[in-house]
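Here is the structure we will look at.
The values are calculated or read from the model by the stated rules, or taken from the named source; none is laboratory data. Worth saying up front: this structure is predicted, and the values here are computed from it rather than measured. Every residue, glycine among them, receives a Cβ derived from its backbone with ideal geometry; neighbour counts consider all protein chains shown.
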Amino acid sequence: MKLVKMSIRRPVTVTMLMVTLVLFGAVAYQRLPINLLPDISYPTLSVRTEFVGAAPEEVENLVTRRIEESVSVVNKVIRISSRSRPGLSDVTVEFEWGVQMDFASLEVREKLDRLRLPQEVDSPVILRYDPSLEPIMRLGLTSAEIDLIALRTMAEERLKNRLETIDGVAAIEVSGGLEEEIHVSLNESQLASLGLTVSQVASRVAAENVNLTGGTLTDGEADYLVRTLNQYKTPGEIADIIIVRRGQALIRLSDFATVTRSFKDRTIITEVNGSENVELAVFKEADANTILVARRVHERLEEIRRDYGASSGIKLAVITDQSRFIEQSITEVLKTAIIGGILAVIILFVFLQRIGATVIIGMAIPICVIATFFFMYISGVSLNIMSLGGLALGVGMLVDNSIVVLESIDRYLRQGHSPPEAADEGASLVGKAVTASTMTTICVFLPIIFVTGVAGQLFTDQSLTVTYSLLVSLLVALTLIPMMSSGFRGGQSFGSGQQHSAPEGGENPAPEHGPRPGPRWIYYPVDAVVGILKAVFYWLPFALLTIVKWVGLIIGWIIKGLISPLLYLYGRLYGKVESSYERLLPWVLAHRLQTIGLALLMFVSAVAIFPRLGMELIPEMSQNEIQVGLKMPVGTPVERTRDALARMQRITMQEPEVKLVYISAGLSSMTGGGLKEEREDIGQMNIMLSGNLGREQEDELIERLREQFELIPGTSVKFGRPVLYTYKTPVELEIKGYNLATLDRISDEVAERMRTIEGLSDIKSSTEGGNPEIQIYFRRDRLASLGLGLSQMAGAVRGKVLGEVPTELHKLGRQVDIRVRVEEEDRDRLEDIRNLTVARVGGRPITLEAVADLKVEQGPSEIRRVDQERVAVVSAGLAGIDLGAAIERIDYALADIAVPPEISLSIGGQGLEMSRSMDSMIFAICLAVFLVYLVMASQFESLLHPLVILFTIPFGLIGVIWSLYVTSGVISVVALIGVVMLSGIVVNNAIVLVDYVNVLRRQGKSKHEALTEAGNARLKPILMTTATTVLGLLPMAIGLGEGSEVRAPMAVVVIGGLLVGTFMTLLLLPTVYSLFDWRD
């Protein structure tokens, strides 16, 4: 090969290339952004619309339906779901994977701008679900000396600004505490006696709060700005304004109302370990390094603590810090890769038992890994557990090409060739084979772009990382390995760019140039520059290479002394393996049908246990954090929700594994849809655990807490872990229909049956718990007889109950809302609502009950729709079973349920997403096998030999199935990604073996002789490449450390498949080759 010859003739060029790759990789590593997972562009938009005071049915009819019809015509929409709740509409639009969400958002906004909604409905807001946009840190501000209003003010005015100036911080979101508000509380009876309405009072309050410019006045040589300054400065000024004049009397606001400094109605209450606090959520910029941003935030927090001092009583604590888990996960992956690399080098040394050869091949691992960082940087791949997992996954494969090349060179050396000749001939002989085997491994990652769902998003980074590392390993195998094996000899000295041959007769060549003209001192500066350049570009690389080589040799000698018992054991064991194989290979060639029958029997045994394997989407990742969602009866005040959460908090704090408990009443991200929901009857508790408990211990803790929480009356809890890649509940059963009563009845029956299924937990129906309503029906004939309008009356009720915010009080640069409404004692009971004065006719007050009928009813808590049809959703979590088993048990339990013809049942949630992902993964596997065949057919220029090699793939699945059965017992998208990789890896040894068989046959040997000789000759390199790959993957397969749940199944699948595939390559492949290739 020309590349091999060039690398032997030009060692300096090869050395400079490797130094450049390592240098660029090291620089790129420092600049790569660090995240937990790749950027997942989830193809989902949510349209949120507020309709304050409206019941779910009004929200559905007046808002949700119209929005659904409007966005349904947007391109590439595959599903529309919605939730209509009191005062709020959420419409979720799901697109095909791969859609540019920025353009999709613009198209949705264009449709919404053309939509006409009722005047009292707020403008729709488009929100996006993106796990990477979750806050990287949550801070808790507490104080024993400052009230919650001042604490909230401090967080918004001082701390928020100081934290937002940090490089990499996008925004700070403040919640909890008390938001200051000026309350103008009107006495209902006095208001009625004055003949005033809430709207009239609110208008007067707004009209008196004015600052206006009056232009410019020129007086002589001076210009004066004219300003009217009448904005409110204190609550007392508001109370002193004149509302109306009655005769000669001026009626001031204070005559029938009280003006107080208070706070807005509480909707969210947050606490940490039992102390109420104000939360500051830290959001990072999209391309910022999470770990670096978190470090800067910690540094700024130390500055803030020093500024306020310990005497102030203010505590600013870190509640959650995503960077810690990310840093631990990244460290674990790097540790796994390093250990895998060390094990690969050790097993390499055990096989080769030559320090020099081991050092030469061992250098391939750090060079390939570091150079990969450069290609990751230019392609925009971040450092995350998936991309680094790709490096850890491929670290054992990085030396495969170098092993094959070095073994071929070594064979030529043993035949008496000089080092340069052996390097050239040996590397060139296997050059095409290692190139083909590398291409087969790389091409299997191409189908991953066709994998739909979150799996395709997660594994793209990993695919790119493995591809880059393998391409660099191929370059190293075909350049650096031959160059170093040649001993830098090739008819030239190290550093010469060309060969200098002596003239015939042995005479020395005449110099090209004569003596230098002029004084010698003129050339001193030139000689100095040339000397410096020579030192930098010639002696320095040579010195570095020599140092690396000698350090490797010294380490090798030390390791050799330490593992000499292992070397002795290997010598005896490999000798027996080699002699056994020499006897076994002729036997299997003589008994081909028996061999194939035995292989088929092994395949049937694997197929038999396949149905016992469970199924899941992606393994849940333990993050030392447990989330508990709480749902109280609809209409529960936020204070009672907080009391229930506080009781749960006290129970949780008694567990020794718990480090910190954070609760938020009125706010939860566990209600479905991927968006946070604010409602007084819901809440959430985040439990931070001390140390790395592991999945099993966390599950045990969850079960203990669940048993105790179920004893708290009126509560419904749901356990989970922080969302990383999907917002959907594991199990969702969608019941479609129109009649709400029928949906309610069937969903209750379905929920009851699902509660009898072992392995399901937190079973809930979307129709549970109606929303208590005071329904007001105005009598139109009565209103007409009094000359009153219905909308006018409805506005009067709204103004007195909810109130109006006509203006603001400007206080030290802040705007504090001024709310005008009747006193609380005039509106806190049903009877008070009946007696509200809504109008005056002929000087006589008209109460609400005089013109309307009031009923207390229970309406639906929410109305859900999917694809513009009403649905009831019964959801459940998993407790000790996999998703596939859960769906099977649900199908069995609901097989005989009586369902009317207008009602349909279907699986949604993660079950639907798993079905879609599995279908696309099976397609990807088939496409990967086809691409492998194309590469091999091109290399062998044969249609038959690639088919022979492909026999190793289905038989490699024997190891896949058995390894999964022995370990996790579950098939997931992660495991199927491992199968895709395996289809490209398992054929590599077969390619090298078949290629050598064809070489021997072209040299004139018979088919039987070629198969026997090739098998014996390739036994050692095949076992070496398999052993290095398996041991390189072993630390990942063991699954220790943070984030291992997502990495381990891939490694287990590849190890199991590769071990069985290697066995089949050595014994079954020669048998199949001899059967299918009739030429001799």
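General remarks:
- Residue ID - surrounded by the fewest Cβ atoms within 10 Å (Cβ to Cβ), chosen from residues in segment 800-823 that are modelled with pLDDT under 80 and within 24 Å of Glu773 (Cα to Cα): Leu802
- Test result for Arg779, in the same structural domain as Arg819 (by TED's automatic domain parsing) and among the charged types (D, E, K, R): yes
- Some residue of segment 1058-1070 being over 22 Å from Val395 (Cβ atoms) and more than 46 Å from the chain's Cα centre (by Cα): no
- Reported count of residues in segment 337-367, each being in contact with a Pro (Cβ under 7 Å, 6 or more places away or on another chain) and over 14 Å from Met397 (Cβ atoms), is 1.
- Unmet criterion (only one of (1) at pLDDT below 90; (2) under 33 Å from the mean Cα position of the chain (by Cα)) for Val14: (2)
- So Val333, is it crowded, with 17+ Cβ neighbours inside 10 Å, assigned to a loop (DSSP other than H, G, I, E, B) and at pLDDT 80 or above: no
- Flag if Glu208 is under 25 Å from Pro806 (Cα atoms) and in contact with a Lys or Arg (Cβ under 8 Å, 6 or more places away or on another chain): no
- Among the residues of segment 348-375, those that are β-branched (Val, Ile, Thr) and over 22 Å from Val472 (Cα atoms) comprise Val350, Ile355.
- Matching strands (runs of 3 or more DSSP E) fully within segment 241-324 where at least 1 residues are touching a residue at least 24 places away in the same chain (Cβ under 8 Å) and of a type in the set (D, E, K, R): 242-246, 257-263, 269-272, 275-284, 314-321
- Residue that is surrounded by the most Cβ atoms within 10 Å (Cβ to Cβ) [pool: residues in segment 680-708 that are at pLDDT 80 or above and basic (Lys, Arg)]: Arg706
- If you filter segment 613-642 down to residues that are acidic (Asp, Glu) and under 27 Å from the mean Cα position of the chain (by Cα), you find that the one that is farthest from Glu913 (Cα to Cα) is Glu625.
- Where a residue in segment 70-83 is under 20 Å from Asp102 (Cβ atoms) and its partner, wherever it lies, is of a type in the set (A, V, I, L, M) and in a loop (DSSP other than H, G, I, E, B), with Cβ under 9 Å and at least six apart: Ser70/Leu115; Asn75/Val99; Lys76/Val99
- Scanning segment 231-251 for residues that are of a type in the set (D, E, K, R) and farther than 14 Å from Gly195 by Cα returns Lys233, Glu237, Asp240.
- Evaluation of Lys659 against (1) in contact with a Ser or Thr (Cβ under 8 Å, 6 or more places away or on another chain); (2) free of Cβ contacts under 8 Å to residues at least 40 places away in the same chain; (3) surrounded by 20 or more Cβ atoms within 10 Å (Cβ to Cβ) (one fails), failing number: (3)
- The lone exception for Phe375 - which of (1) surrounded by fewer than 20 Cβ atoms within 10 Å (Cβ to Cβ); (2) at negative phi it fails: (1)
- Spans of strands (runs of 3 or more DSSP E) in segment 1-96 with at least 2 residues within 19 Å of Asp113 (Cβ to Cβ) and hydroxyl-bearing (Ser, Thr, Tyr): 44-50
- Scanning segment 935-989 for residues that are part of a loop (DSSP other than H, G, I, E, B), surrounded by fewer than 23 Cβ atoms within 10 Å (Cβ to Cβ) and touching a residue at least 12 places away in the same chain (Cβ under 8 Å) gives Phe951, Thr967, Ser968, Gly969.
- Taking the listed residues Leu471, Leu458, the one that is modelled with pLDDT of 70 or more and surrounded by fewer than 22 Cβ atoms within 10 Å (Cβ to Cβ) is Leu471, with no other qualifying.
- Residue in segment 1004-1011 that is in a helix (DSSP H, G or I), without any contact (Cβ under 8 Å) to a residue 12 or more places away in the chain and of a type outside the set (A, V, I, L, M, F, W, C) present: yes
- Where strands (runs of 3 or more DSSP E) fall wholly inside segment 129-224, the ranges with 2 or more residues that are modelled with pLDDT of 85 or more are 137-143, 169-176, 180-186.
- Thr267 of a type outside the set (A, V, I, L, M, F, W, C) and modelled with pLDDT under 85: yes
- Those residues of segment 340-376 which are in a loop (DSSP other than H, G, I, E, B), over 20 Å from Tyr29 (Cβ atoms) and not charged (D, E, K, R), in sequence order: Gln353
For every residue, the table says whether it meets (1) of a type outside the set (Phe, Trp, Tyr); (2) in contact (Cβ under 8 Å) with a residue 60 or more places away in the chain; (3) more than 30 Å from Asp832 (Cβ to Cβ).
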position: Thr742; (1), (2), (3): yes, yes, yes
position: Arg753; (1), (2), (3): yes, yes, yes
position: Leu760; (1), (2), (3): yes, yes, yes
position: Ser765; (1), (2), (3): yes, yes, yes
position: Gln775; (1), (2), (3): yes, yes, no
position: Asp781; (1), (2), (3): yes, no, no
position: Ser785; (1), (2), (3): yes, no, no
position: Ser791; (1), (2), (3): yes, no, no
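- Residue, surrounded by the fewest Cβ atoms within 10 Å (Cβ to Cβ), within segment 391-421, restricted to residues that are part of a helix (DSSP H, G or I) and more than 47 Å from the chain's Cα centre (by Cα): Arg414
- With respect to the conditions (1) among the charged types (D, E, K, R); (2) modelled with pLDDT under 85; (3) part of a helix (DSSP H, G or I), Lys728 lacks only one, and its number is (3).
- The condition (being more than 20 Å from Asp265 (Cα to Cα), in contact (Cβ under 8 Å) with a residue 24 or more places away in the chain and under 39 Å from the mean Cα position of the chain (by Cα)) is satisfied by just one residue among Ala192, Ala171, Ala155, Ala206: Ala171.
- Any hit, segment 297-318, residues being surrounded by 22 or more Cβ atoms within 10 Å (Cβ to Cβ) and more than 25 Å from the chain's Cα centre (by Cα): no
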